[in-house]
Amino acid sequence: MYHIMMRLFLKKGREESLRRFHPWVFSGAVARHEGQAAEGDVVEVYTHDGVFLATGHYQEGSITVRVLSFRPCAIDAAFWEAALRQARALREATIPAAGTTAYRLVHGEGDNLPGLVIDVYGNTAVLQAHTIGMFRARHAVAGALRKIYGTQLAAIYDKSATTLVSKDNEAVPDSYLYRAGETGRVILENGYRFAVDWEKGQKTGFFLDQRDNRRLLSQYAQGRSALNLFCYTGGFSVYALGGGAARVHAVDSSQRAIDLVNENISLNFTRAAPHEAFTADAFDFLHNSANHAYDLMVLDPPAFAKHKGALRNALQAYKRLNVAAFSRIALGGIVFTFSCSQVVNKIDFRHAVFSAAAISGRPVRILHQLTQPADHPINIYHPEGEYLKGLVLQVE
Ligand code: SAH
């Protein structure tokens, strides 16, 4: 038997979304509770008349429970091991065995583990908790990782300090939960080499979600003059050069990012590679780029909207960025344009790009519609999980 701190009983009729496996319980749906729970405790959720619905992590705020299981069960070592084994099996089935050593092992709701992200970089796993419950479970999660990976894992790094939101935040500085040997900084992605800095880099250190889209870009690169805006560690630059681009310019406002881009270019190409990286604001760079005739552009900005209230301004910013790109790209040019804002849905984004095309007054065709790769799965009952949207366009 296991101990449950609190049982929550929903208002009549409010069980429908849980019956459809939506993984969140909103506080407004709760009628009453029995027992007391602290943030991060495991609690159980019942219908108004006492039928079990789900087990999950409790948190104060509008999402009060994030579901870990739709069956009564203990959230113990066996639970974590089973959940991570299932996550790993999916990655083994979808990530090519050769040429790629970095992947997302756990993608929150997409892996039925709301609040948890784990990225694997070679022999290091980087864990990011977005809820107190997952943060409190980090040692149990690390134990399960070690059991599953054995000696294939040399380190487990917790990078939750910036992702936890709670009023009595018990967050501690980022640190190694486990460290047994030398960790390799350089990962492989589709055969290309990238240095990953999980300790100081953005998010967990590398944007794994663009893996498939970068590969598609390399197919369009031959002989083209490319501009990689918001380049971060230069993923798209490396693939553009690999695909035979005649010249690549990369732009990021962060000097650290530009240093990483230059390192990653030299990890893959000789000094003669036609690549140049600029520390600059992407909008300014585009406005001042009248002399360069780019015919391949990548627009991969940070999430312009971090919450619903910012949606309108974000859509304006996407529009502005795309207008600038369409107005400057050479005849027949290709634009890879993205949004990674969770609150901007596919239709909103497409509309913003449509408006931008109309303002630029140029004919634009959609060649591909892009999203996140299979190691960032989307729970069909949690469509909010589809955060990465992209369009590949040809501008006449
Ligand atoms: N394309 C990248 C990921 C981009 S993340 C990849 O494939 O890995 C977004 C990047 O935009 C960050 O590196 C951030 O430093 C940069 N950035 C944010 N605002 C910017 C601005 N106004 N101009 C240029 N870069 C910006």
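All of the numbers you see were taken from the coordinates with simple rules; none came from a lab. The structure presented is a predicted model; accordingly, all values stated were derived computationally and were not measured. Every residue, glycine as well, gets a Cβ built from its backbone with ideal geometry; the counts of neighbours run over all protein chains shown.
Any idea what the dipole of the chain comes to, in debye rounded to 20, about its Cα centre with Lys/Arg Cβ at +1 and Asp/Glu Cβ at -1?
On the way: 42 positive and 37 negative charges, 141 e Å.
For this selection, approximately 680 debye.
Suppose every Lys and Arg Cβ carries +1 and every Asp and Glu Cβ carries -1, with no other charges. What dipole size does the stretch 225-288 come out with about its Cα centre, to the nearest 20 debye? Please report the intermediate quantities before stating the final value.
Details: 3 positive and 6 negative charges, 45 e Å.
Value, rounded to 20: 220 debye.
For the chain, what relative contact order do you get, as a whole percent, if you take Cα pairs closer than 8 Å and at least 6 residues apart? Present the calculation step by step, with values, prior to reporting the outcome.
Working: 849 pairs, mean separation 45.2, N = 396.
Relative contact order of the chain: 11 percent.
What residues have an amide H closer than 5 Å to that of G333, excluding those fewer than 5 places away on the same chain, when H is modeled at 1.01 Å from N in the peptide plane?
V395
Please give the Cα centre distance for the stretch 227-246 versus the stretch 118-161, rounded to the nearest Å.
With the stretch 227-246 and the stretch 118-161 each reduced to a Cα centre, they are spaced 30 Å.
Counting Lys +1, Arg +1, Asp -1, Glu -1, what net charge surrounds L391 among other residues with beta carbon under 11 Å of its beta carbon?
Values: positive: K346, R350, R365, K389; negative: none.
Every neighbour counted, the sum reads +4.
Starting from the Cα of T151, step 7 Å along the direction of its Cβ; do the same at A293; then give the gap between the two resulting points in nm.
5.9
Could you derive backbone 3J(HN,Hα) for the stretch 133-146 from the dihedral phi with the Karplus parameters 6.51, -1.76 and 1.60 (θ = phi - 60°), listing whole Hz in sequence and x where the residue is Gly or Pro?
x, 5, 5, 5, 8, 4, 6, 5, 5, 4, x, 5, 4, 5
Which GluC sites (Glu not before Pro) does the stretch 173-217 hold that lie in a coil by DSSP with at most 11 other beta carbons within 10 Å?
Values: sites: E182, E189, E199; in loops: E182, E199.
Answer by residue number: E182.
DSSP loop trypsin sites (Lys or Arg not before Pro) in the stretch 159-239 with at most 16 other Cβ atoms within 10 Å of their Cβ, which ones?
Numbers: sites: K159, K167, R179, R185, R193, K200, K203, R211, R214, R215, R224; in loops: K159, K167, R185, K200, K203, R224.
Answer in residue order: K167, R185, K200.
Residues with beta-carbon under 9 Å from that of A31, excluding A31: net charge, scoring Lys, Arg +1 and Asp, Glu -1?
On the way: positive: K11, K12, R14, R32; negative: none.
Summing Lys and Arg as +1 and Asp and Glu as -1 gives +4.
Under 12 Å Cα-Cα from K389, which aspartates and glutamates qualify once same-chain neighbours fewer than 8 residues away are excluded?
Leaving aside aspartates and glutamates fewer than 8 places away in the same chain, those within reach of K389 are D209, D300, D348.
Among F349, T163, F206, whose Cα projects farthest towards the positive end of the dipole of the chain, with charges put on the beta-carbon of Lys, Arg (+1) and Asp, Glu (-1)?
F349
Of K12/K306; K147/K346; K147/K203, which sit over 29 Å apart, Cα to Cα? Before the final figure, lay out each step's value.
Values: K12/K306 33 Å; K147/K346 39 Å; K147/K203 25 Å.
From the list (K12/K306; K147/K346; K147/K203), the Cα-Cα distance tops 29 Å for K12/K306; K147/K346.
May I ask you to evaluate 6.51 cos²θ - 1.76 cosθ + 1.60, the Karplus curve with θ = phi - 60°, for each residue of the stretch 173-190 and list the ³J(HN,Hα) values in order in whole Hz, giving x for glycine and proline?
x, 4, 6, 7, 7, 7, 8, 10, x, 5, 9, x, 7, 9, 9, 10, 9, 6
Out of residues 5 or more away from Y178 or on other chains, whose amide H comes under 5 Å of its own, with H placed 1.01 Å from N in the peptide plane?
Distant-sequence amide H within range of Y178: I156.
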